[in-house]
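Participant: Below are the structure tokens for one structure; questions will follow.
Where a number appears in this text, it was derived from the coordinates with a stated rule and is not lab data. Everything quoted here is computed from the prediction, not taken from an experiment. For neighbour counting, all protein chains shown are included, and Cβ atoms are generated from backbone atoms with ideal geometry for every residue, glycine included.
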Amino acid sequence: MISVEVNQKAHHIAPETTLNDLVSKLEIQTNGIAIAINNKVIKKTEWHTQTLHQNDAILIITSTQGG
């Protein structure tokens with residue numbers, strides 16, 4: 001297991017877990033979100049190939065509607 005941080009909360013995941021796997025595991029709604037790993041935004045089209053590594057800092061941002 002490796003340790004990553006998702007929105008400043010520690011999670012333990014299997015090595016070779018992809019960003020897409022993590023989103024599925026955490027049951028996160030994928031519409032209207034952006035994800036950055038170590039301050040680099042990852043395109044949604046790359047989530048299935050982006051492998052997570054020990055101590056990665058993952059930030060999940062949800063868009064909101066306002067007026």
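Participant: Taking the conditions exactly as written (within 18 Å of Ile2 (Cβ to Cβ) and either touching a residue at least 60 places away in the same chain (Cβ under 8 Å) or not in a helix (DSSP H, G or I) (or both)), does Asn31 satisfy them or not?
Facilitator: no
Participant: From the residues in the stretch 2-16 that are part of a strand (DSSP E or B) and touching a residue at least 24 places away in the same chain (Cβ under 8 Å), which one is farthest from Ile35 (Cα to Cα)?
Facilitator: Per the stated criteria, the residue is Ile2.
Here's the yes/no breakdown for (1) among the acidic types (Asp, Glu); (2) surrounded by 13 or more Cβ atoms within 10 Å (Cβ to Cβ); (3) out of contact with any His (no Cβ under 9 Å at 6 or more places or on another chain); (4) more than 24 Å from Gln65 (Cα to Cα):
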site: Met1; (1), (2), (3), (4): no, no, no, yes
site: His12; (1), (2), (3), (4): no, no, yes, yes
site: Pro15; (1), (2), (3), (4): no, no, no, yes
site: Thr18; (1), (2), (3), (4): no, yes, no, yes
site: Leu22; (1), (2), (3), (4): no, yes, no, yes
site: Gln29; (1), (2), (3), (4): no, no, yes, no
site: Ile33; (1), (2), (3), (4): no, yes, yes, no
site: Lys40; (1), (2), (3), (4): no, no, yes, no
site: Lys43; (1), (2), (3), (4): no, no, yes, no
